[in-house]
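Asks: Supplied in structure tokens, the structure appears directly below.
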Amino acid sequence: MAKFAGVDYLLIDSLFSEQELLVRQTARQFVEDRVMPIIKDCFRDGRFPKELIPELGHLGFLGANLEGYGCAGMSNVEYGLVMQELERGDSGLRSFVSVQGALVMYPILTYGSDEQKERWLPKMAKGEALGCFGLTEPGFGSNPAGMATKAVKDGKDWVINGEKTWITNGSVADVAICWARTPDGIRGFLVEKGTKGFTSSELHGKLSMRASVTASLAFSDCRVPESAMLPCAKGLKGPLTCLTQARFGIGWGVLGAAMDCYETARQYSIDRKQFDNRPIASHQLVQEKLAKMIIEITKAQLLAIQVGRIKDQGKLDPSHISMLKKNNVEIALDCARMSRDLLGGNGIMDEFPLMRHMCNLETVKTYEGTDHIHTLVIGERVTGIAAYK
Ligand SMILES: Cc1cc2nc3c(=O)[nH]c(=O)nc-3n(C[C@H](O)[C@H](O)[C@H](O)COP(=O)(O)OP(=O)(O)OC[C@H]3O[C@@H](n4cnc5c(N)ncnc54)[C@H](O)[C@@H]3O)c2cc1C
């Protein structure tokens with residue numbers, strides 16, 4: 001059995017079906033057996049644990065909530081629970097799975113040709129082919145609409161020029177989805193590794209997401225055939241709908257990081273003795289932090305379940321996801337910071353997962369729409385006025 005028993009203050013498990021609990025248990029066991037023993041060293045060494053990919057595929061975690069082409073066809077709540085357990089292991093591992101499933105397999109399934117689906121999806125579901133999603137550019141992060149990367153038609157081919165940065169899986173991917181401006185608006189292109197004019201280089205010096213690969217991509221007169229274009233993705237809506245899928249997974253995933261921090265601090269505060277050999281958990285200021293954490297985690301769990309249920313019912317609006325992503329990342333970061341505090345000096349050591357989660361969550365707060373941008377999405381939803389510019 002997995003050592004981690006979960007965090008359930010409010011009988012939240014009663015809101016899940018048997019099947020959902022089974023899927024969660026499978027993911028939890030995988031993380032306990034395969035991720036926990038290696039993740040500290042991966043983070044320390046700046047190494048992505050590529051050896052876990054076949055098992056992630058075998059368990060059906062890649063493109064888990066997609067149907068057909070060898071995908072597991074999980075419900076969105078089941079998928080969310082998988083993300084939660086994976087991110088209890090590490091945000092970098094969950095990011096890998098999010099990118100592969102939500103940012104690469106989802107657009108191929110939704111916007112791709114039959115040939116593109118047949119070619120990539122079965123292999124990607126097994127982890128035999130990896131993908132990355134190139135939207136962000138050095139000059140355009142929060143505002144991808146301004147992107148400078150261009151694709152122009154030359155005979156039957158497209159020629160792409162531009163640069164993408166901060167691309168998760170960028171240098172290990174077999175295929176990159178490159179979003180580029182064309183005379184017809186923003187379009188997505190499947191650019192295979194090894195294509196002339198396409199290079200990637202890994203970014204070094206990250207103090208966050210150290211167990212994840214991040215790279216920049218360069219396209220210099222990179223020529224791809226017409227068949228490389230995703231035929232049904234037209235305009236910014238294409239990449240934005242993919243981000244909605246990925247942000248959903250993030251909203252669930254960070255709950256896992258928050259739970260790991262909370263549970264580590266709760267146990268430590270019971271074990272650690274100070275002042276007359278009393279557990280630090282007997283002090284009111286310590287209990288206040290634990291109470292704050294469990295309240296916020298519980299509220300965040302309920303938010304995730306509700307967003308998951310309305311996604312499964314087809315009633316989801318992207319602004320719902322903004323609330324989920326913004327709130328849950330914020331509370332996960334708060335939990336990481338409070339937990340670190342409760343461990344005193346030990347809190348800064350990588351023997352405990354707190355600083356690793358905290359550093360990772362700084363990225364999660366920034367990517368897939370920063371906390372500010374999601375605040376503005378919510379603001380626009382409730383006022384009808386867009387305040388981005
Ligand atoms: C580890 C990592 C992995 C990533 N993986 C990917 C990936 O796989 N694919 C991909 O395409 N991208 C990826 N990203 C990029 C990520 O999505 C961007 O970093 C993010 O969108 C923010 O863009 P920026 O870094 O350019 O920040 P900026 O857009 O320059 O923002 C800087 C600050 O200004 C604020 N700001 C900007 N505009 C406004 C506004 N209108 N109102 C209020 N505040 C504003 C922001 O909130 C932020 O606080 C990744 C990033 C990281 C760090």
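All of the numbers you see were taken from the coordinates with simple rules; none came from a lab. Note that the structure is predicted; figures quoted are calculated from it, not measured. Here the Cβ is made from the backbone with ideal geometry for all residues, glycine too, and neighbour counts use every protein chain on show.
Asks: Go through the stretch 252-278 and report how many residues are over 30 Å from Ala102 (Cβ atoms), assigned to a helix (DSSP H, G or I) and either touching an Asp or Glu at 6+ places or on another chain (Cβ under 8 Å) or not aliphatic (A, V, I, L, M) (or both).
Replies: Let us first name the residues in the stretch 252-278 that are over 30 Å from Ala102 (Cβ atoms), namely 265-278.
Within this subset, residues satisfying the condition of being assigned to a helix (DSSP H, G or I) are 265-271.
Among the residues that remain, those that are also either touching an Asp or Glu at 6+ places or on another chain (Cβ under 8 Å) or not aliphatic (A, V, I, L, M) (or both) are: 266-269, 271.
The number of residues fulfilling the criteria is 5.
Asks: Additional query: Any residue that is under 26 Å from Asp8 (Cβ atoms), assigned to a helix (DSSP H, G or I) and in contact with a Gly (Cβ under 9 Å, 6 or more places away or on another chain) - is there at least one of those in the stretch 285-295?
Replies: Residues of the stretch 285-295 under 26 Å from Asp8 (Cβ atoms): 285-295.
With assigned to a helix (DSSP H, G or I) added as a condition, the list becomes 285-295.
Subsequent filtering for residues that are in contact with a Gly (Cβ under 9 Å, 6 or more places away or on another chain) retains none.
No: the stretch 285-295 contains no residue that is under 26 Å from Asp8 (Cβ atoms), assigned to a helix (DSSP H, G or I) and in contact with a Gly (Cβ under 9 Å, 6 or more places away or on another chain).
Asks: Is the stretch 357-367 home to any residue that is of a type outside the set (S, T, N, Q), crowded, with 16+ Cβ neighbours inside 10 Å and more than 14 Å from the ligand (Cβ to nearest atom)?
Replies: Checking the stretch 357-367: at least one residue is of a type outside the set (S, T, N, Q), crowded, with 16+ Cβ neighbours inside 10 Å and more than 14 Å from the ligand (Cβ to nearest atom).
Asks: Now for a separate question. If you take the residues in the stretch 121-156 that are out of contact with any Gly (no Cβ under 8 Å at 6 or more places or on another chain) and of a type in the set (Lys, Arg), which one is nearest to Leu243 (Cα to Cα)?
Replies: The initial filter retains those residues of the stretch 121-156 that are out of contact with any Gly (no Cβ under 8 Å at 6 or more places or on another chain), namely 123, 129-131, 133, 135-136, 138, 141, 143-145, 151-156.
Now narrow it down to the ones that are of a type in the set (Lys, Arg): 123, 153, 156.
Numbers: Lys123: 22, Lys153: 27, Lys156: 30 Å.
Restricting to residues being out of contact with any Gly (no Cβ under 8 Å at 6 or more places or on another chain) and of a type in the set (Lys, Arg), the top hit is Lys123.
Asks: Determine which member of the set Leu86, Leu109, Leu10, Leu93 is within 21 Å of Asp260 (Cβ to Cβ) and surrounded by fewer than 22 Cβ atoms within 10 Å (Cβ to Cβ). So that I can check it myself, show each step before the final result.
Replies: Values: Leu86 fails: surrounded by fewer than 22 Cβ atoms within 10 Å (Cβ to Cβ); Leu109 fails: within 21 Å of Asp260 (Cβ to Cβ); Leu93 fails: surrounded by fewer than 22 Cβ atoms within 10 Å (Cβ to Cβ).
Checking each option against the conditions leaves just Leu10.
Asks: Can you tell me how many residues in the stretch 368-389 are in a helix (DSSP H, G or I) and away from the ligand (no atom under 16 Å from the Cβ)?
Replies: Going through the stretch 368-389 one residue at a time, the tally reaches 1.
Asks: With respect to Leu135, determine if the residue is closer than 30 Å to Pro49 by Cβ and more than 13 Å from the ligand (Cβ to nearest atom). Break it down into steps so the answer makes sense when it comes.
Replies: Numbers: closer than 30 Å to Pro49 by Cβ: yes; more than 13 Å from the ligand (Cβ to nearest atom): no.
No.
Asks: Write out, first by first residue and then by second, each pair whose Cβ atoms fall under 6 Å of each other, whose residues are 6+ apart or on separate chains, and whose first residue, in the stretch 331-348, is farther than 25 Å from Ala304 by Cβ while the second is assigned to a helix (DSSP H, G or I) and of a type in the set (A, V, I, L, M).
Replies: Gly347/Leu354; Ile348/Met355
Asks: Pairs needed: first member in the stretch 190-207, touching a residue at least 24 places away in the same chain (Cβ under 8 Å) and on the phi > 0 side of the Ramachandran plot; second member anywhere, surrounded by 15 or more Cβ atoms within 10 Å (Cβ to Cβ) and not in a loop (DSSP other than H, G, I, E, B); C-beta distance under 6 Å; at least 6 residues apart or different chains.
Replies: Gly197/Cys222
Asks: Further, regarding this structure: Go through (1) surrounded by 15 or more Cβ atoms within 10 Å (Cβ to Cβ); (2) under 22 Å from Asp8 (Cβ atoms); (3) touching a residue at least 60 places away in the same chain (Cβ under 8 Å); (4) away from the ligand (no atom under 16 Å from the Cβ) and name the single condition Leu302 misses.
Replies: Exception for Leu302: condition (1).
Asks: Separate question: State yes or no: is Leu255 touching a residue at least 40 places away in the same chain (Cβ under 8 Å), of a type outside the set (Lys, Arg) and under 27 Å from Ile294 (Cα atoms)? Can you show your working first?
Replies: Values: touching a residue at least 40 places away in the same chain (Cβ under 8 Å): yes; of a type outside the set (Lys, Arg): yes; under 27 Å from Ile294 (Cα atoms): yes.
Yes; evaluated as a whole, the condition is true for this residue.
Asks: Here's something else I'd like to know. So which residues in the stretch 181-215 are away from the ligand (no atom under 12 Å from the Cβ), of a type outside the set (Lys, Arg) and in contact with an Asp or Glu (Cβ under 6 Å, 6 or more places away or on another chain)?
Replies: Passing the criteria: only Gly197.
Asks: Here are some residues: Thr366, Thr375. Which one is within 27 Å of Ser95 (Cβ to Cβ), in contact with a helix residue (DSSP H, G or I) (Cβ under 9 Å, 6 or more places away or on another chain) and of a type in the set (Ser, Thr, Tyr)?
Replies: Values: Thr366 fails: in contact with a helix residue (DSSP H, G or I) (Cβ under 9 Å, 6 or more places away or on another chain).
Matching residue, one of Thr366, Thr375: Thr375.
Asks: Residue by residue through the stretch 151-170, note down the ones that are among the polar types (S, T, N, Q) and more than 12 Å from the ligand (Cβ to nearest atom). Walk me through it before giving the result.
Replies: Pass one, the stretch 151-170, residues among the polar types (S, T, N, Q): 161, 165, 168-169.
Within the stretch 151-170, Asn161 is the sole residue that qualifies.
Asks: So which of Ala148, Ala129, Ala218, Ala173 ends up being touching a residue at least 40 places away in the same chain (Cβ under 8 Å), within 15 Å of the ligand (Cβ to nearest atom) and either among the β-branched types (Val, Ile, Thr) or assigned to a loop (DSSP other than H, G, I, E, B) (or both)?
Replies: Numbers: Ala148 fails: touching a residue at least 40 places away in the same chain (Cβ under 8 Å); Ala129 fails: within 15 Å of the ligand (Cβ to nearest atom); Ala218 fails: either among the β-branched types (Val, Ile, Thr) or assigned to a loop (DSSP other than H, G, I, E, B) (or both).
Every option except Ala173 fails the conditions.
Asks: With respect to the numbered conditions (1) touching a Pro at 6+ places or on another chain (Cβ under 8 Å); (2) in a loop (DSSP other than H, G, I, E, B); (3) buried (at least 19 other Cβ atoms within 10 Å of the Cβ), which one is the sole condition not fulfilled by Gly70?
Replies: So the condition that Gly70 fails would be (3).
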